[in-house]
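These notes concern the structure reproduced below.
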Amino acid sequence: MKCDVCKSKDAVILQPHTGRRLCKDCFIDDIRNRVKKEAEKEGLTKANKILLAVSGGKDSLTLADTLASFIDPKKLISFNIVEGIGGYNRSDQAKKLKKYLDDLGIELISTSFKKEVGFTLDDMVRSSHDKGLNISACTFCGGFRRKLINAAGREVKADLVATGHNLDDEAQTIVINLLRGDIKRLIRLGEIPVKLSDKFVLRVKPLRKIYEWETTMYAYYKGFEFQEVECPYISMKPTLRAKVRDLLYSLESKKPGSLLTIVEEFDKISEEYKRNSELKDLPKCKICGEPTSYGRDVCKNCELLIKSGLLNHQYLPMS
Ligand SMILES: [Zn+2]
Ligand SMILES: [Zn+2]
């Protein structure tokens, strides 16, 4: 069977949401074009410096490779964080990541939780467990990753920070925030970022309209050997996300294109809301000075460290 686009090469992939059969080259072009379209809306093509949050997984490799196909790689700086998870943060994986980025002409800077926060993720999980708390590793990891990525973006004077979240992640996050009724967080998810603090570097997700299976196939066709070992903390992953993921997959299999529709329709609502409302600046954490959520005076990260006995401070977190 021939490719539906070029009509000459053999089709190797069926794209359920378009119903097209594509050859490898046309598939790669399709992904790059869709990433470019999103990147233009997000302001990436006009930025002078962009920090890419990379992990060595398929999404971050696809992110770096697609962006480098239409943005001067000298404007891109990649940033990797070693969380400090025994048996997971492997040095051979870090070397591979460095090589791929070198080949693309993208600089790589690295740091670790240990260096920036003082503790590895394993330390944080152990301490909170010793205190009898049931705080998931993903809660520590997500919060500190966000904080470090933002700080690195500020440090290199990036106009924007780009992360490798794909369409599956984005649709799940939208539905989770809807279920929680978290309107303010929801609105910030739209494709055009909102600046809510002078300490925030705007964060964008150029892959937010690319299915996860597509980032996997892209990385595979580009010959990337990516981190396939599952994070050992996966079993601690919040269960709501797992349930929403299963629900969305069953919807997608019955009606291909559903995830894309959720994100696109949500973007329209988000833009409409932003036009009609004034979003106040976020408050700053009394301890670390970083921006925190509305109604808080100590950020979630500092609160987690205090609760786990890793940080002594006179300020007690607001409940
Ligand atoms: Zn083709
Ligand atoms: Zn703080």
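The values are calculated or read from the model by the stated rules, or taken from the named source; none is laboratory data. Fair warning: this is a prediction, and the values are worked out from it, not measured in the lab. A quick note on method: Cβ atoms are made from the backbone with ideal geometry, for glycine too, and the neighbour counts reach across all protein chains shown.
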Based on what the data block shows, is A64 hydrophobic (A, V, I, L, M, F, W, C), more than 16 Å from ligand 2 (Cβ to nearest atom), part of a helix (DSSP H, G or I) and at pLDDT below 95?
-> no
Pick from E271, E264, E252: which is at pLDDT below 90, away from ligand 2 (no atom under 14 Å from the Cβ), in a helix (DSSP H, G or I) and not basic (K, R)?
-> E271
Pairs returned, first residue in region 267-282 that is closer than 30 Å to V298 by Cα and in contact (Cβ under 8 Å) with a residue 40 or more places away in the chain, second residue that is exposed (fewer than 13 other Cβ atoms within 10 Å of the Cβ) and of a type in the set (F, W, Y), beta-carbon separation under 7 angstrom, 6 or more apart or interchain, are L282/Y294
Long-range neighbours under 7 Å by Cβ, at least six apart or interchain, first residue away from ligand 2 (no atom under 16 Å from the Cβ) within region 1-20, second among the hydroxyl-bearing types (S, T, Y) = K2/S8
Please give the helices (runs of 4 or more DSSP H) falling wholly within region 103-160 in which 3 or more residues are assigned by TED's automatic domain parsing to the domain that holds L67 and of a type in the set (A, V, I, L, M).
-> 121-130, 137-155
Restricting attention to region 184-208, which residues are in contact with a Leu (Cβ under 8 Å, 6 or more places away or on another chain) and either outside the structural domain of H165 (by TED's automatic domain parsing) or surrounded by fewer than 21 Cβ atoms within 10 Å (Cβ to Cβ) (or both)?
-> K184, L186, I187, R188, P193, V194, K195, L196, S197, F200, L202, R203
Restricting the search to region 82-135, which residues are under 23 Å from A152 (Cα atoms), among the aliphatic types (A, V, I, L, M) and exposed (fewer than 15 other Cβ atoms within 10 Å of the Cβ)?
-> I109
Determine which single condition E303 fails, assuming it passes every other condition in (1) assigned to a helix (DSSP H, G or I); (2) away from ligand 2 (no atom under 16 Å from the Cβ); (3) in contact (Cβ under 8 Å) with a residue 12 or more places away in the chain.
-> (2)
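Just to be sure before I move on: is L282 modelled with pLDDT of 85 or more, closer than 18 Å to F140 by Cα, in a loop (DSSP other than H, G, I, E, B) and within 16 Å of ligand 2 (Cβ to nearest atom) in the structure I sent?
no
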When R21 is evaluated against the numbered criteria (1) crowded, with 17+ Cβ neighbours inside 10 Å; (2) assigned to a helix (DSSP H, G or I); (3) within 16 Å of ligand 1 (Cβ to nearest atom), which criterion, by number, is the only one it fails?
-> (2)
Look through T239, T215 and report the one residue that is touching an Asp or Glu at 6+ places or on another chain (Cβ under 6 Å) and either of a type outside the set (D, E, K, R) or surrounded by fewer than 18 Cβ atoms within 10 Å (Cβ to Cβ) (or both).
-> T215
Restricting attention to region 28-42, does a residue exist that is touching a strand residue (DSSP E or B) at 6+ places or on another chain (Cβ under 8 Å), more than 20 Å from G190 (Cα to Cα) and touching a residue at least 40 places away in the same chain (Cβ under 8 Å)?
-> no
